[in-house]
1. Identify all residues within the stretch 66-93 that are exposed (fewer than 11 other Cβ atoms within 10 Å of the Cβ) and either under 11 Å from Trp7 (Cβ atoms) or touching a Leu at 6+ places or on another chain (Cβ under 6 Å) (or both); write none if there are none.
2. Is it the case, given these coordinates, that Thr22 is assigned to a strand (DSSP E or B) and touching a residue at least 12 places away in the same chain (Cβ under 8 Å)?
3. With respect to Ala61, determine if the residue is at pLDDT 90 or above, out of contact with any Ser or Thr (no Cβ under 9 Å at 6 or more places or on another chain) and surrounded by 13 or more Cβ atoms within 10 Å (Cβ to Cβ).
4. Would you mention how many residues in the stretch 14-46 are small (Gly, Ala, Ser), closer than 18 Å to Thr3 by Cβ and touching a Phe, Trp or Tyr at 6+ places or on another chain (Cβ under 7 Å)?
5. Would you pick out the residues in the stretch 26-57 that are modelled with pLDDT of 95 or more, exposed (fewer than 15 other Cβ atoms within 10 Å of the Cβ), under 16 Å from Cys14 (Cα atoms) and not hydrophobic (A, V, I, L, M, F, W, C)?
6. Please name all residue pairs, on different chains or six or more residues apart, with Cβ atoms under 8 Å, provided the first residue is in the stretch 88-114 and is within 20 Å of Asp38 (Cβ to Cβ) and the second residue is modelled with pLDDT of 90 or more and acidic (Asp, Glu).
7. Kindly indicate which of Leu51, Leu12, Leu105 is assigned to a strand (DSSP E or B) and over 13 Å from the mean Cα position of the chain (by Cα).
8. Look through the stretch 62-74, keep the residues that are in contact with a strand residue (DSSP E or B) (Cβ under 8 Å, 6 or more places away or on another chain) and in a helix (DSSP H, G or I), and return whichever of them is nearest to Met84 (Cα to Cα).
Amino acid sequence: MSTAYSWVISTLECYPQQDDKTDVVFMVHWRRQAIDGDLFAEVYGAQSVTLEPDAPFTPYADLTQEQVEGWLVDAMGEEQVAAMDAALAQQIADLINPPVVTPPLPWAAAPEAA
């Protein structure tokens, strides 16, 4: 199976007023998820974003998830997102083949069948 990666945007923090604009986003709270069949891995964080003076402004009510995801990738950089996805892939690989296990103590008696 192939692993699917996705963003979940949980909260956008805004300045009520900045210059002549209202509800200007400055912080994005996010989760990055990886799903491979029944296996799931996730990381979370917050990323500051800056409204550039020459950038077009989108009113808060008109923002799309895709636009905010683009802000995240732009702010983090493609390399950091790729590294995050690689870490998520490793988490899933570790679920399949755990690098550490905790078997029962060898001197502990196995429960007897009823």
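The values are calculated or read from the model by the stated rules, or taken from the named source; none is laboratory data. Because the structure is predicted, anything quoted here is derived from the model rather than measured. With ideal geometry, Cβ positions are generated from the backbone for all residues, glycine too; neighbour counts draw on all protein chains shown.
1. Once the filter is applied, which keeps residues that are exposed (fewer than 11 other Cβ atoms within 10 Å of the Cβ) and either under 11 Å from Trp7 (Cβ atoms) or touching a Leu at 6+ places or on another chain (Cβ under 6 Å) (or both), the stretch 66-93 yields only Glu66.
2. Values: assigned to a strand (DSSP E or B): yes; touching a residue at least 12 places away in the same chain (Cβ under 8 Å): yes.
So Thr22 passes the test.
3. Working: at pLDDT 90 or above: yes; out of contact with any Ser or Thr (no Cβ under 9 Å at 6 or more places or on another chain): yes; surrounded by 13 or more Cβ atoms within 10 Å (Cβ to Cβ): no.
No.
4. Of the residues in the stretch 14-46, the ones small (Gly, Ala, Ser) are 34, 37, 41, 45-46.
Now restrict to residues that are closer than 18 Å to Thr3 by Cβ: 34, 37, 41.
Now drop any that are not touching a Phe, Trp or Tyr at 6+ places or on another chain (Cβ under 7 Å), which leaves 34.
Selection size over the stretch 14-46: 1.
5. His29, Ser48
6. Going by the 8 Å Cβ cut-off, the qualifying pairs are Leu88/Glu42; Ile92/Asp36.
7. Working: Leu51 fails: assigned to a strand (DSSP E or B); Leu105 fails: assigned to a strand (DSSP E or B).
Among Leu51, Leu12, Leu105, only Leu12 is assigned to a strand (DSSP E or B) and over 13 Å from the mean Cα position of the chain (by Cα).
8. Initially, the stretch 62-74 is screened for residues in contact with a strand residue (DSSP E or B) (Cβ under 8 Å, 6 or more places away or on another chain), giving 63, 65, 68-69, 71-72.
So of that shortlist, the ones also in a helix (DSSP H, G or I) come out as 65, 68-69, 71-72.
Numbers: Gln65: 19, Val68: 18, Glu69: 14, Trp71: 16, Leu72: 13 Å.
My answer is Leu72.
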